[in-house]
């Protein structure tokens with residue numbers, strides 16, 4: 001029955017199902033791969049995602065670094081993993097503190113969110129010898145559990161704290177500031193190609209929001225950017241939840257969000273372009289980004305699994321995520 005439902009969903013999407021439709025599905029305790037629908041300029045119809053790694057304790061935030069390759073976080077093993085030349089996972093950086101999201105700044109420094117109680121926040125973890133804590137509190141209060149992080153071209157970093165319902169910004173050489181606190185449960189985040197607009201997923205709702213970026217990094221003019229089709233299956237009378245997590249962008253300004261429906265593809269104007277159905281073990285996948293030498297592979301991580309998908313779309317060449 002589950003297989004039939006998933007195939008029906010895929011065929012409906014390929015046929016151009018209305019963008020206003022919502023999807024709620026009970027998923028099996030396994031990786032579910034389906035043929036992708038045709039989304040012009042994004043992915044060829046019939047493309048099958050490939051499982052590269054499975055069976056790890058956890059997996060999050062894949063990142064392609066030039067001259068290094070694909071890395072991702074294995075939070076429960078306190079390490080960042082690299083794929084070797086045989087697609088085998090090897091330790092890239094160990095002895096971390098439950099790392100989650102990560103980003104690369106303009107100086108080539110890898111910044112990783114640490115989430116172990118008592119040591120939460122963003123810190124530089126690579127190259128060796130450059131380790132540094134960027135922030136471990138805001139106004140004397142510890143963070144709740146930071147999640148995703150993104151560097152801007154000015155040398156600052158934005159990061160989200162979903163339980164704390166806040167987005168923070170650490171300017172280059174400056175003091176941390178809270179830049180948003182009305183998003184709900186902010187999770188995946190992204191910047192427009194010109195870095196004038198900030199986008200963030202509300203994992204506890206059904207929307208992504210857009211905000212204007214000010215010269216000092218602060219955010220203003222919050223508005224709904226898009227409404228996701230994915231919905232949870234709690235079976236309660238609670239408000240619907242998309243569980244929107246990671247957020248990626250391509251060089252045409254299209255967005256890719258992981259929700260309960262899979263990978264939802266959204267135009268620069270916030271309109272749904274289609275959904276790539278995908279599932280990582282016990283829950284929706286957690287994060288994604290473009291990688292590969294030509295930035296035309298979409299890497300997806302979650303549930304101890306790493307998946308890659310050949311795309312027509314290309315990531316932004318000047319960014320790692």
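Would you check which residues across the range 165-189 are farther than 20 Å from residue 240 by Cα and assigned to a loop (DSSP other than H, G, I, E, B) and list them?
Passing the criteria: 171, 172, 173, 174, 175, 176, 181.
Just checking, which of 56, 100 is surrounded by fewer than 20 Cβ atoms within 10 Å (Cβ to Cβ) and touching a helix residue (DSSP H, G or I) at 6+ places or on another chain (Cβ under 8 Å)?
Among 56, 100, only 56 is surrounded by fewer than 20 Cβ atoms within 10 Å (Cβ to Cβ) and touching a helix residue (DSSP H, G or I) at 6+ places or on another chain (Cβ under 8 Å).
When you check residue 122 against the structure, is it under 19 Å from the mean Cα position of the chain (by Cα) and assigned to a strand (DSSP E or B), yes or no?
It is true that residue 122 is under 19 Å from the mean Cα position of the chain (by Cα) and assigned to a strand (DSSP E or B).
Output the number of residues of the range 138-158 satisfying the condition of being more than 20 Å from residue 286 (Cβ to Cβ), touching a residue at least 24 places away in the same chain (Cβ under 8 Å) and either in a loop (DSSP other than H, G, I, E, B) or out of contact with any strand residue (DSSP E or B) (no Cβ under 9 Å at 6 or more places or on another chain) (or both).
Going through the range 138-158 one residue at a time, the tally reaches 6.
If I filter the range 234-244 for residues that are in contact with a strand residue (DSSP E or B) (Cβ under 8 Å, 6 or more places away or on another chain) and outside any loop (DSSP other than H, G, I, E, B), do I get at least one hit?
No - not one qualifying residue is present in the range 234-244.
Table: residues versus (1) part of a loop (DSSP other than H, G, I, E, B); (2) within 21 Å of residue 53 (Cα to Cα).
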site	(1), (2)
222	no, no
253	yes, no
263	no, yes
309	no, yes
317	yes, no
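Given the options 76, 114, name the one that is farther than 26 Å from residue 316 by Cβ and within 17 Å of the chain's Cα centre (by Cα).
Residue meeting the stated conditions: 114.
Values quoted throughout were computed directly from the atomic coordinates according to the rules given, and no laboratory measurement underlies them. Every value quoted in this text rests on a predicted model; they were computed, and no experiment measured them. When we count neighbours, we look across all protein chains shown, and the Cβ atoms used for this are built from the backbone with ideal geometry, even at glycine.
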